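Here's the structure we're looking at; comments come further down.
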Amino acid sequence: MGSQVVFRAVNSPERLVHKVVDQIEKLIAAGELVPNMRLPSEREFCEQLGVSRTVVREAVHILVTKGLLESRQGIGTIVREVTKDQVAETFSWYLQSNKATVEHLHEVRSILEVEIARLAASQATEEEVQQLRQILAEVEASQDDVMQLVNGDEAFHRTLAKTSHNPLMVVLLDSIRDLMREVRLQVNRYPEVYDTIIPDHVAILQGIADRDPDAARRAMIIHLEHARQFQEAFIAQQAVAPGHRLSEGMITQEVQ
């Protein structure tokens, strides 16, 4: 699909590439450039913007890297649809590259998931409560299967985020999904974890089913504190073997 958007010439010689990038980002945000819309040809683009091909190519490259544009063979450059998975993935890589610690994760979860539990108790539909019950039943049946326990634990918390009816909560929780999965894969191997997280989840769900935001919130605080205790126990155990890191340094032993 051709573009009918009229681009403004970029006359200032200063930071031309960034000015082009900024203009296209604003047009996307304003909805004037929509997903799957094809940008003008390179020659036409240069004429509208009043810049060289080098500037256009570099600007397009930056926007492709950001995930806002996509170059398709035989078609040209099109506007890419930005999904919540892209946002979460980008933030997840940022956390990994900045060596987020277990303590950092706990602080984020304490801010995010406690509020999610409170909102869920206020917003969850009966259908969503039943979905949480089903997930919890599957978790309860996974005592001897660590991977199933991890998957169920993750599904329970993500579904809670959905029941808040705030899409940003899901995006934010997904942004720490890979880091949390790494932690869960390690600590959920402890037999005593099962006997702790199941009652914790039951208490959280009960608060939601009772439409009691304060009870759901308190139950989540207790659950996260239990999770931190298991994580600290794991780190203390691994301290016996210097140099240990969870896969590729995603979680470090800094900050206790």
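Worth a mention:
- Annotation: amide H-H contacts under 5 Å for Leu69 (H modelled 1.01 Å from N, sequence separation of 5 or more, or interchain): Val64, Arg80.
- Once backbone amide H atoms are built at 1.01 Å from N, Leu33 has Ile28 as its partners under 5 Å, excluding neighbours fewer than 5 places away on the same chain.
- Here the gap between Met147 and Ser71, fully extended at 0.36 nm per residue and compared with their Cα-Cα distance, gives a gain of 23.5 nm.
- Along region 120-133 the Karplus relation, 6.51 cos²θ - 1.76 cosθ + 1.60 evaluated at θ = phi - 60°, assigns HN-Hα couplings of 4, 5, 8, 10, 4, 7, 4, 4, 5, 4, 5, 5, 5, 4 Hz to successive residues, with x for each Gly and Pro.
- Residue ranges 101-107, 132-138 sort as 101-107, 132-138 when ordered by packing (mean number of other C-beta atoms within 10 Å per residue, highest first).
- In region 127-226, Cα pairs under 8 Å separated by at least six residues give a relative contact order of 26 percent.
- Scaled against 2.2 N^0.38 Å for its residue count N, the alpha carbon radius of gyration of region 11-52 is 1.20.
- Here the Karplus relation 6.51 cos²θ - 1.76 cosθ + 1.60, evaluated at θ = phi - 60°, turns the backbone of region 40-49 into coupling constants of x, 4, 4, 5, 5, 4, 4, 5, 5, 7 Hz, with x for every Gly and Pro.
Bear in mind these aren't lab numbers, they're just calculated from the coordinates by the rules spelled out. Here the structure is a predicted model, which is why all the values come from computation and not from measurement. Every residue, glycine among them, receives a Cβ derived from its backbone with ideal geometry; neighbour counts consider all protein chains shown.
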